[in-house]
Amino acid sequence: MESTKTSIIPGGLSLREVFLRWEWLLVGLIVGVSIVNGRLSPHFWDYAGLMDAMAVFLEKGFIVLPVAMILISGEIDISVSSIVALSSVLMALSFQAGLPMVLAICVAVAVGTACGAFNGFLITRIPGLSSVIVTLAANSLFRGIAYIVLGDRAVGGFPRWYSYLSWGYLGSSSIPFIILAFGIVAVFFGLVLHKTTFGRKVYAIGNNQVAARFSGIPVSRIKLILFTLAGVMSGLAAVFLTSKLGSSRPNVALGYELEVIAIAVLGGVSPAGGKGGIPGAILALILMRLLRYGLGLINVPGQVMLVVIGIILVLVVMLPNLIGSVRISRKRFG
Amino acid sequence: MLQKILIVILSCFLLIGMFSMSAYADEYVIALVVKNVGNPFFDAVARGGQDACDDLGHTLIFQGPPTPTVEGQIEIIENLIAQRVDAICVSANDYDALVPVMQRAMDAGILAISFDSGIHPDGRLLHINQADFELIGRLQVQAIAEMIDFEGEIAVLSAGATMTNQNIWIEWMQEELKEPEYENMELVTIVYGDDLRDKSYNEAMGLFKSYPDLRGIISPTTVGIGATGKAITDAGLIGQVQLTGLGLPSEMAEWIQNGACQAMFLWNPVDLGYLTTYVAGLLLDGEISGAVGEEFAAGRMGEKVVTEAEDGGIEVLLGPPFRFDASNIDEWKDVY
């Protein structure tokens, strides 16, 4: 009997086919969820409300993009939420110490970059350290530092224009600025992953790291870049999140790491590596948000919402396996 | 195959959609947003809110994130703005971080009120304060001092390190401890159980180990005091380590009856929810304007007055907290 993996994905071309279909499935789900939401609440089809709803958790979207790439390369990063917290705290402190806000924002991105590079360095330079272990440790480390430097205080009082990043709209339209910012970054990530040799190398590493190394791909350098990218984007997410909150505390962004991975996996990215893409991850982000928004509009209690989203996640992620087993049995008996 | 599955999923969605309806029949919709759901204190608040809505003929929405995070509350408030509710009353997980979203609510013409755990005056019209911060802080020190005869080491087991209420109470506790009658007492440490039962329990156990001479624990949070009551009982330290703080009668009855906690305090959360929702209703009806010094009848809560708050905003005070001990716990444990 053939192994399950080869029967679903026999070659490169149909691999692409499968993913095209996966994204169509997400589109179908988005349409379905929208129809149901529209029926459940008269407020759902309000354009401005929908835009605001998309904007409200888009800072997570910034992190989904690099984390999807890391998962595709066969690694994982569970330290992103702590990088967000540390970047946010150090940005606020440097602003408080008298740095202009623009430079403080640069501090946040720089801190994120440094944290990401730290992860990448440990994972690639020290043999035998897996990314799970390194980023798990880094998760405690970064948040711990954030707690040490800020304690139980909150730092705020940022200039007025800074809140524009998360709360402002483009001109007089009802398109939030953060959607434009996310769009630009998402297109960049999509192009890098799907249109450059760098992107192809990421897939090659995820599919077979040993083969990739033997065919001359600088595996370590690419992984270092990926983890650094995750740091950069976490720093950027910290800038937007802090703008949304108007103040910084060490306990911001708790639990983001798992939500981000869940969204990427829902988007068709395989935690085993080699599968998935940016369009799927973005569709999954939209789907997840519409689900939560719809459930929120009809005031489903928080615990029930968790259960509903959990069930949907499990069902959707199980789908390819179900289809796979159906195909195998057809091949055998048909 | 995939198309078939897709069709099945889509038709399921359509079916769900057809069977459900939603309509608000009442005049005003008042939303209570709490720190987290599944918390008995806030369930009691919700009951009071429902009573007030029944009295005034409005509709209540009760919401909160599953874990006490400010990000979760922002998402909920955004959803409430999109639903165009008429009033949002929030018990905040962060004093500052809800200000932008509450300002957006106010821009949309929604009445913004905070209760229990307040937000900055910029993000609210009014705060419903359960009791004077100073009084609550000082009262707990006075209670523990009586239990340990004004002598020995005490510790505080609080909620999260960033919780507004607890931090202010603790400041007032430290203030009260400066008085001369407490010169033989020492506050040795403040630990945080993050309002999680297991973590609070472990922190309490840790206190017994780190401070063998510990005489008393003040826990100004309902989760913390319950966990500490269990920890004292499990460690066999009843009578040796005293306990007071703010707790729910239904959860504390066991530890008050077995002597682990001689007395504790709490305002009535049902009344807190009632007053918050009632004031929101009066403001929406235009019965009151929310000016400082304004006096009004707050339904079954009797006469209340709008006053200036310590943080520069305005507030309505619920009243002094209630003392629960072995003499009255039986009649209250079934109430909330």
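The values are calculated or read from the model by the stated rules, or taken from the named source; none is laboratory data. These numbers come from a predicted model, not from an experiment. Counting neighbours? That spans all protein chains shown, and the Cβs are built from the backbone with ideal geometry, glycine included. Note: areas computed on protein heavy atoms with side chains; ligands, DNA, RNA excluded. Shrake-Rupley method; radii C 1.70, N 1.55, O 1.52, S 1.80 Å.
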Item to check | Close pairs (6 angstrom Cβ cut-off, 6 or more residues apart or separate chains): without any contact (Cβ under 8 Å) to a residue 60 or more places away in the chain and more than 7 Å from chain B (Cβ to nearest Cβ) in the stretch A:21-39, open to solvent by 50 Å² or more (accessible area, probe 1.4 Å) and outside any helix (DSSP H, G or I) anywhere | outcome: A:38/A:45
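Being over 30 Å from residue B:256 (Cβ atoms) and either modelled with pLDDT of 90 or more or outside any strand (DSSP E or B) (or both) narrows it down to one of B:330, B:311, so name that one. Quick ask: steps written out before the conclusion?
Working: B:330 fails: over 30 Å from residue B:256 (Cβ atoms).
Among B:330, B:311, only B:311 is over 30 Å from residue B:256 (Cβ atoms) and either modelled with pLDDT of 90 or more or outside any strand (DSSP E or B) (or both).
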Item to check | Selection status of residue B:295, under 18 Å from the mean Cα position of the chain (by Cα), modelled with pLDDT of 90 or more and not aliphatic (A, V, I, L, M) | outcome: no
Next on the checklist: Can you report the number of residues in the stretch B:165-181 which are farther than 13 Å from residue B:140 by Cα and more than 18 Å from the chain's Cα centre (by Cα)?
Outcome noted: 4
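If we scan the stretch B:91-100, do we find a residue that is within 23 Å of residue A:157 (Cβ to Cβ) and among the charged types (D, E, K, R)? Spell out the reasoning first.
Pass one, the stretch B:91-100, residues within 23 Å of residue A:157 (Cβ to Cβ): B:92-100.
Add one more test, that the residue is among the charged types (D, E, K, R), and what stays is B:94, B:96.
So far as the stretch B:91-100 goes, yes, one or more of its residues are within 23 Å of residue A:157 (Cβ to Cβ) and among the charged types (D, E, K, R).
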Checklist entry - Are any of the residues in the stretch A:172-182 on the phi > 0 side of the Ramachandran plot and modelled with pLDDT under 95? => result no
Next on the checklist: As an exercise: evaluate residue B:9 against (1) of a type in the set (Val, Ile, Thr); (2) at pLDDT below 85; (3) under 16 Å from the mean Cα position of the chain (by Cα) and give the number of the one condition it does not meet.
Outcome noted: (3)
Checklist entry - What residue, among those in the stretch B:61-70 that are surrounded by 24 or more Cβ atoms within 10 Å (Cβ to Cβ) and over 10 Å from residue B:33 (Cβ atoms), is nearest to the chain's Cα centre (by Cα)? => result B:68
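Residues of the stretch A:98-122 being aliphatic (A, V, I, L, M) and buried (at least 19 other Cβ atoms within 10 Å of the Cβ), which ones? Can you show your working first?
The initial filter retains those residues of the stretch A:98-122 that are aliphatic (A, V, I, L, M), namely A:99, A:101-105, A:107-111, A:114, A:117, A:122.
Residues satisfying the conditions are A:104, A:105, A:107, A:108, A:109, A:111.
Evaluate the following for residue A:236: is it open to solvent by less than 40 Å² (accessible area, probe 1.4 Å), among the aliphatic types (A, V, I, L, M) and more than 21 Å from residue B:73 (Cβ to Cβ)? Talk me through it step by step, then tell me what you get.
Working: open to solvent by less than 40 Å² (accessible area, probe 1.4 Å): no; among the aliphatic types (A, V, I, L, M): yes; more than 21 Å from residue B:73 (Cβ to Cβ): yes.
Here the answer is no, as residue A:236 does not meet what is asked.
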Checklist entry - What number of residues within the stretch A:40-68 are touching a Ser or Thr at 6+ places or on another chain (Cβ under 6 Å), more than 9 Å from every other protein chain (Cβ to nearest Cβ) and either farther than 13 Å from residue A:281 by Cβ or not in a helix (DSSP H, G or I) (or both)? => result 1
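Find the residue count for the stretch A:133-154, including only residues that are of a type outside the set (A, V, I, L, M), within 14 Å of chain B (Cβ to nearest Cβ) and in a helix (DSSP H, G or I).
Residues of the stretch A:133-154 that are of a type outside the set (A, V, I, L, M), as a first pass: A:135, A:139-140, A:142-144, A:147, A:151-153.
Retained after the next criterion (residues that are within 14 Å of chain B (Cβ to nearest Cβ)): A:143-144, A:147, A:151-153.
Right, trim to in a helix (DSSP H, G or I) and you get A:143-144, A:147.
Residues meeting the conditions: 3.
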